[in-house]
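Report on one structure; see the data block that follows.
The values are calculated or read from the model by the stated rules, or taken from the named source; none is laboratory data. Just so it is clear, the model here is predicted, and its values are computed rather than measured. Ideal geometry is used to build each Cβ from the backbone, glycine not excepted, and the neighbour counts take in all protein chains shown. These area figures cover heavy atoms from the full protein model, side chains too; ligands, DNA and RNA do not enter into them. Shrake-Rupley method; radii C 1.70, N 1.55, O 1.52, S 1.80 Å.
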Amino acid sequence: MDSNSLYYSLELVAGSGHILTLEQRTALESSLVLLKKNYKFSRVLFWGKILGINAVYFIAQGRGEDEMKDKKNLYSLNCMDWFLLPPASDSMIEEVSKATKGRFMGDPSFVYEHQEIHRQGKGNEPVNEKAVVSITVTEEKRLAVSVHQIDAEVSVVPRGAFIKSPRGLVQLNRSFCGLSEAEARKLDNFLHFRPSKNMKKKSVLDMGNWNPAMDYLDALSDDIPKGSWSLHFEFARKVCVLRSLLWFGLTFYHVPMTPQHGYIYIGDGTKNLDLPFML
């Protein structure tokens, strides 16, 4: 959610129990302004927080000219001092998936260690040697990967909120006035804010009425398994609220007929792998 409307936006997602203390809100409202100035971001979002056993990670996201590609994630333990997270590469994601398990500890320097035994032998020959490979990952890398995965799988925007320019830049749509109440009741009008994965699977008939400037993202209605999103209207049916069942703690809000929208994640940073058995 945008740091410029942080106080107002937090009230709209409070129905999920996602709240910040007065001290945290006050610290964020001042530190995010400085963060935007120091890193020269075009705008700064408060992404959320990941709950550790000994401490809490507060996450902010800075964006540049291209809202989708020019993103940098930062974390803080006190809402004042911010540290840049490394970009999540494929090799880092693989290492984290092998070495880490359980909840976050709350210490960026904490080291997870995993050992793999590689047995060496040819055909039916007996195994004579065993090679032990040790994989070590810091919690800072795990945090970077978790934020990247949550963003890639459950970040949400309403249709039309972002447009793609002829140069390929994804930017805020200044003329976006919000979805109608009828449109907000359909998952088709809410999109994943990530590079499209399902666009090539669409038929020509499905793409006949699409607008290339707006219909370049995947709709939530195409997610597998079906039923991984919960859609409700709250605050006297004035606010549309989406909650992810795949990543517990991800909450998105949109006020129909206004451009106000945003999402926040407040959880332990673990994926709900039991979702297919819960539906």
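Extent of the chain along its three principal axes (Cα atoms, max minus min coordinate, largest first): 70, 52, 41 Å. Partners of K69 within straight-line reach, counting aspartates and glutamates whose Cα lies under 15 Å from its Cα and excluding those fewer than 8 residues away in the same chain: D151. Counted as membrane-span-like here are DSSP H helices of the chain whose alpha-carbon atoms extend 18 Å or more along the helix's own axis and whose Kyte-Doolittle mean is -0.5 or above; these are 22-39, 139-154. Using a Förster radius of 45 Å, what is the FRET efficiency between E116 and N211 based on their Cβ-Cβ separation? Nearest 0.05, please. After rounding to 0.05, the efficiency reads 0.35. Taking θ as phi - 60° and the Karplus parameters 6.51, -1.76 and 1.60, the scalar couplings of region 232-239 work out to 9, 10, 10, 6, 6, 6, 9, 10 Hz in sequence order, x denoting glycine and proline. Result for the chain in a Gaussian network model with C-alpha springs under 10 Å: among H261, H18, H232, the largest mean-square fluctuation is at H232. Would you mind checking the pairs K72/K197; K164/K226; K36/K238 and listing those with alpha carbons more than 26 angstrom apart? Pairs exceeding 26 Å: K164/K226; K36/K238. In region 1-109, the C-alpha radius of gyration followed by the widest Cα-Cα span (Dmax) gives 14.8, 40 angstrom. Heavy-atom surface analysis with a 1.4 Å probe gives region 132-263 a carbon and sulfur content of 57 percent of its accessible area. What is the set of long-range amide H partners of W47 at a cut-off below 5 Å, with H atoms built 1.01 Å from backbone N? Close amide H contacts, sequence-distant or interchain: I59, A60, Q61. Under a plain spin-label model, where a point goes 7 Å from the Cα along Cα-to-Cβ, how far apart in nm are A152 and E65? Going from the A152 label point to the E65 one covers 2.6 nm. Segment L273..D188, full-extension length gain: 28.2 nm, with 0.36 nm per residue of separation and the alpha-carbon distance subtracted.
Counting 0.36 nm for each residue step from L169 to E94 and taking away their Cα separation leaves a gain of 24.0 nm. The HN-Hα couplings worked out from phi for region 79-87 by the Karplus form 6.51 cos²θ - 1.76 cosθ + 1.60 (θ = phi - 60°) are 6, 10, 9, 10, 10, 6, 8, x, x Hz, whole numbers, x standing for Gly and Pro. Take the alpha-carbon centre of region 215-243, take the same for region 164-183, and report the distance between them in whole Å. Between the Cα centre of region 215-243 and that of region 164-183, the gap is 18 Å. A simple spin-label model places pseudo-atoms 7 Å from Cα toward Cβ; at E181 and S230 they are separated by 2.3 nm.
When its C-alpha radius of gyration is set against 2.2 N^0.38 Å (N residues), region 150-279 gives a value of 1.06. Each 10 Å bin from zero holds the following percent of Cα-Cα pairs in region 1-54: 21, 53, 24, 2.
Sorted largest first, the spans of the alpha carbon positions of region 230-279 along the three principal axes are 36, 21, 14 Å.
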